[in-house]
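Novice: Below you will find the structure I want to go over with you.
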Amino acid sequence: MALNFPSSPYVGLTHDATNGLQYYYDGTKWISQSSYSTGAINAQKIDNVTLTTSTGPYDLKVDSKTVKPHNAESVLISVNGVIQQPTTDYTVSSTAGTITFTSAPTNGHVMWGVLYSRIPIDLSTALSTTGGTMTGDITFASSQTLDASKLTGTAAAINGSAITALSGTNITAGTVSSDYVEDASISRQGVVQLTDSTNSTSTTTAATPNSVKDVKDTIDAALPKSGGTMTGAITLPGNPTANLHASTKAYVDSVSGATTITQLSDVDTTTSIPSSGEVLKWDGSNWAPAADSGSGGGGTMTTVKSNNSNVDTSVTTIDFDSNFVVSESPDHEMNITLSDVTLDNQKDLRFGEATANGSNYVAFQAPAAVTSNVTWTLPATDGGGANYRLVTNGSGTLSWAAASQGVTVIDAGDFNSGSSIVSTSTTYDGGEFT
């Protein structure tokens, strides 16, 4: 009977042969697994699963019974109508019968699929020919023998002596040939020689516990690259010659203590050392010694404390210099001492209305063009009564003056001879006008 195995199988491929058995390709040969009833069967639809935002795992079932696909390629999976790519979008557990997505699906999306093959029950507990971990003991039958002549390659590292019977197990006596004992290397197993060396570059010898301890002791006494506390002094070979070299305290003290004005950057080195009370000022191209004029950004400032919302009232004065002092009076009035205040570029001097009434203000403003400077000096007192006005003497000094009497216009018709206009102090007779 022809079993019709695929001509180019890959590791893990399963094949349903014409003899009713399923075979599994391990990379070297086809291995019989079991009949169709426990192995791969005709393609079947996987039960629908409503997904959450979890990547899984989700159970894979056919007619409510758990199935265990051989690998991700053994099933066709669709999520919300979109076909998923095996191993990229999902993986499956052939032992648990579950599927896990690589990215969290959308809550409420429905997964369905088609099962092409599944692992038989006996395969899920089999040890792969490529190796693995045994969970139980191997028991030989009373008549089982192990022929030493069949031991080849690196598997026979038994010191070249005869193999004798072990407890309860018959091992055919025989001498292991030295051909079976090979030196170890970094590419294969074998016999190695122990060495106490801590600086050997050999790839065929192994370190003894003694050499490992020597290395450990050296490491324990070393300072980690991440830093630590030295228990003794570090002696440097000399003064630093590069940016990242370490410096001794003596070197730093000698360099910083001998710094002169000529060693500073962007300093006019043609001048002498600054005299007492002088400061370094920028002249437009260099820093040069000069007298402290006390203007500009110079002077001192009393420390201002804050409680995160207002200036601490225990500090009542900020003294920047003799021309700029800000202080607070006992009545909480702000007093500012300045030489002059200039509002440039036609800016306003504004007086705002009460906050409860809005945000409007009245303001004074300079004209757009001024041919020469003008200073008005206010009068020292208020006017003599109601209806007084400010007048100037033509030189900028303002004073109060009584306003003129109001004029009453009387329409008496044509002003002819015999008519008159009477004011509070004067009578104008029409007969006097021509």
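Novice: Out of all the residues in segment 79-103, which are of a type in the set (S, T, N, Q) and closer than 28 Å to Y23 by Cα?
Specialist: Q84, Q85, T87, T88, T91, S93, S94, T95, T98, T100 - these are the residues of segment 79-103 that are of a type in the set (S, T, N, Q) and closer than 28 Å to Y23 by Cα.
Novice: Can we say V362 is farther than 22 Å from L398 by Cβ and touching a strand residue (DSSP E or B) at 6+ places or on another chain (Cβ under 8 Å)? Working first, answer last.
Specialist: Values: farther than 22 Å from L398 by Cβ: no; touching a strand residue (DSSP E or B) at 6+ places or on another chain (Cβ under 8 Å): yes.
No, not satisfied.
Novice: May I pose another question? With a cut-off of at least 1 residues that are of a type outside the set (A, V, I, L, M, F, W, C) and at pLDDT 65 or above, name the strands (runs of 3 or more DSSP E) lying wholly within segment 315-434. Steps first, please.
Specialist: Values: elements: 317-321, 324-328, 334-338, 349-352, 361-364, 388-392, 398-402, 420-422, 427-429.
Of the strands (runs of 3 or more DSSP E) lying wholly inside segment 315-434, those with at least 1 residues that are of a type outside the set (A, V, I, L, M, F, W, C) and at pLDDT 65 or above span 317-321, 324-328, 334-338, 349-352, 361-364, 388-392, 398-402.
Novice: Given the criteria surrounded by 11 or more Cβ atoms within 10 Å (Cβ to Cβ), modelled with pLDDT of 60 or more and not in a strand (DSSP E or B), does P289 qualify?
Specialist: no
Novice: Something else about it: Taking segment 172-197 as the search range and keeping residues that are at pLDDT below 70 and of a type in the set (A, V, I, L, M), which one is farthest from K216 (Cα to Cα)?
Specialist: Initial filter on segment 172-197 (at pLDDT below 70): 172-182.
Now narrow it down to the ones that are of a type in the set (A, V, I, L, M): 173, 176, 181.
Values: A173: 44, V176: 39, V181: 32 Å.
The residue in question is A173.
Novice: Limited to segment 67-85, what total is found for residues that are out of contact with any strand residue (DSSP E or B) (no Cβ under 8 Å at 6 or more places or on another chain) and not in a loop (DSSP other than H, G, I, E, B)?
Specialist: Final tally of qualifying residues: 1.
Novice: Collect the residues in segment 186-245 that are among the charged types (D, E, K, R) and either assigned to a loop (DSSP other than H, G, I, E, B) or free of Cβ contacts under 8 Å to residues at least 24 places away in the same chain (or both), keeping them in residue-number order.
Specialist: Passing the criteria: D196, K213, D214, K216, D217, D220, K225.
Novice: Assess whether G97 counts as being within 30 Å of G131 (Cα to Cα), surrounded by 11 or more Cβ atoms within 10 Å (Cβ to Cβ), of a type outside the set (V, I, T) and in contact with a strand residue (DSSP E or B) (Cβ under 8 Å, 6 or more places away or on another chain).
Specialist: Taking the combined requirement at face value, the residue satisfies it.
Novice: Checking W376 against (1) at positive phi; (2) more than 59 Å from the chain's Cα centre (by Cα), only one condition comes out false. Which one?
Specialist: So W376 meets the others, but not (1).
The values are calculated or read from the model by the stated rules, or taken from the named source; none is laboratory data. Predicted, not measured: the structure shown is a model, and the values here were computed from it. So basically every Cβ, Gly included, is an ideal-geometry build from the backbone, and we count neighbours across all protein chains shown.
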